[in-house]
Amino acid sequence: MSGQILLLSGPNLDLLGARSPEIYGSTTLREHIDAFRSRAQSAGYSVLDVQSNFEGDLIEAVHAARETCVALVINAGALTHTSWALADALATFEGVKIEVHLSNPAAREPFRHVSTIAGVVNGTIAGFGSLSYVLALDALCHLLEPS
């Protein structure tokens, strides 16, 4: 299989490695992206990565991906719990969609227990630290490959 995957990273994820390493680990966003890209390329996919601290930028990236990408992986950060607009944008994307989180939101503060985007993605990978991105890519590849 081939095609492009959009890897979306939301607010504050540009601070990974420095922000709350006891929760998110010491791996930087760039390191996560590089590992994801390398693994995706081995599977025959290219990766477009977009990180923004602004909701509208993420929505615009989803809109653009409708024409160029076969799948997307999104770590929306705190927007996971608040952004119905991002959920609406994701609902318009017809490719495979995987929600990913380094930590396990269900084991954290109550406001993190609800995902506004869970209902419009194929599935969610959460709580496995750096492995979360690898698992998301594996799930995505499985869903894209014909049986």
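The values are calculated or read from the model by the stated rules, or taken from the named source; none is laboratory data. Keep in mind it's a predicted model, so treat the numbers as computed, not measured. For the accessible areas, the whole protein counts, side chains as well, though only heavy atoms, and no ligand, DNA or RNA atoms are used. Shrake-Rupley method; radii C 1.70, N 1.55, O 1.52, S 1.80 Å.
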Rounded to the nearest 5, what is the percent of antiparallel bridges among the DSSP beta bridges in the chain? 0 percent
Going by accessible area, probe 1.4 Å, with all protein chains left in place, what is the ranking of Asp88, Asp138, largest first? Asp88, Asp138
Which residue fluctuates the most in the chain, going by a Gaussian network model with Cα springs under 10 Å, if the choices are Phe54, Phe93, Phe128? Phe54
Volume per residue that the Cα convex hull of the chain spans, once the total is divided by residue count, Å³: 96 Å³
Mind telling me which of Leu79, Leu137, Leu16 comes out most flexible in a GNM of the chain, alpha-carbon contacts under 10 Å? Leu16
Could you pull out every residue, at least 5 positions away or on a different chain, whose amide H is within less than 5 Å of the one on Thr82? Hs are placed 1.01 Å off N in the peptide plane, and Pro or chain starts have none. Thr116
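Between Ser26 and Asp57, what length comes free when the chain is fully extended (0.36 nm per residue of separation minus the Cα-Cα distance, one decimal in nm)?
Using 0.36 nm per residue and subtracting the Cα-Cα distance, I get 8.6 nm.
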Of Arg30, Arg108, Arg39, the one that fluctuates the most in a GNM where the chain has Cα springs shorter than 10 Å: Arg108
For Gly3, what residues show an amide H to amide H distance below 5 Å, using hydrogens built from the backbone and excluding near sequence neighbours? Ser46
